[in-house]
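Inspection log for the structure reproduced underneath, given as structure tokens.
The values are calculated or read from the model by the stated rules, or taken from the named source; none is laboratory data. None of the values given here were measured: they were computed from a predicted structure. Cβ placement follows ideal geometry from the backbone for every residue including glycine, while neighbour counts extend to all protein chains displayed.
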Amino acid sequence: MTERIELFAAQTPIVFETLASEGRYVVKKEFIVNKYKESAPVMLKAYDWFVRQLELKVPRPDGAEYPVWLYGDPGYANVHPSQKLVRLSVPKERLVLFDNKGWEQVLSMNYVETDPADLSRFEKKLDQFGLDCGFRAFEKPFYPQIRREIEASWPRIFDLKPKGVVRGATWELLPEWILD
């Protein structure tokens, strides 16, 4: 029997309509561009990195461009008035789990630390270059070494030592995964 993991997602009516009409829901790049508007290029840099990581862990089905985000704790699903909270039972082999705090660092183009001493060391390095945060290294072409070190730290989000909220990502939603 396939091991399943219970997770939550906040979804809009169009997702449910798509599930009913097409039998699955996938995320397209245009959805992200429309949602984030002028911030889309920064978001897509992080999302594109995540997509490459997800492809290494879970085969990408046809038509899926970006992941569907899931949450271990329904309180973190950020349900907006136009959305519904959905409880899902997802086959373990169809998803990847990761640390939410680390993902927030990736979205901010920042360093994902292993521990407080590691973060302190990296912050001192940023200070030596006159940078107040990792994001600044991505704003100009002068800091390729810093950018490489930051990006090399990002896979740590998949190292799930208990330090925060667990998130999940899958390439698609299927109607049979919905519990309520």
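Tabulated data
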| quantity | calculated |
| --- | --- |
| Among (1) modelled with pLDDT of 95 or more; (2) over 24 Å from I178 (Cβ atoms); (3) of a type in the set (V, I, T), the one test that V58 misses | (2) |
| Options D127, D115, D99: the member that is in contact with a helix residue (DSSP H, G or I) (Cβ under 8 Å, 6 or more places away or on another chain) and of a type in the set (D, E, K, R) | D99 |
| Filter result for A169 (within 21 Å of the chain's Cα centre (by Cα) and hydrophobic (A, V, I, L, M, F, W, C)) | yes |
| Condition met for E123 (charged (D, E, K, R), closer than 21 Å to Q53 by Cα and surrounded by 15 or more Cβ atoms within 10 Å (Cβ to Cβ)) | no |
| Checking L174 against (1) more than 18 Å from the chain's Cα centre (by Cα); (2) among the aliphatic types (A, V, I, L, M); (3) farther than 20 Å from E55 by Cβ, the condition it does not meet | (3) |
| Residues within the stretch 29-50 that are over 22 Å from G102 (Cβ atoms) and either touching a Phe, Trp or Tyr at 6+ places or on another chain (Cβ under 7 Å) or outside any helix (DSSP H, G or I) (or both), tallied | 1 |
| Failed item, numbered, when V33 is tested on (1) closer than 20 Å to P91 by Cβ; (2) of a type outside the set (D, E, K, R); (3) surrounded by 12 or more Cβ atoms within 10 Å (Cβ to Cβ) | (1) |
| Subset of the stretch 17-28 [surrounded by fewer than 12 Cβ atoms within 10 Å (Cβ to Cβ) and in a helix (DSSP H, G or I)] | E17, A20, S21, E22 |
| Candidate set: the stretch 136-152, residues that are surrounded by 15 or more Cβ atoms within 10 Å (Cβ to Cβ) and of a type in the set (F, W, Y); chosen: the one farthest from the chain's Cα centre (by Cα) | Y143 |
| Those helices (runs of 4 or more DSSP H) lying entirely in the stretch 70-180 with at least 3 residues under 29 Å from A9 (Cβ atoms) and in contact (Cβ under 8 Å) with a residue 60 or more places away in the chain | 100-107 |
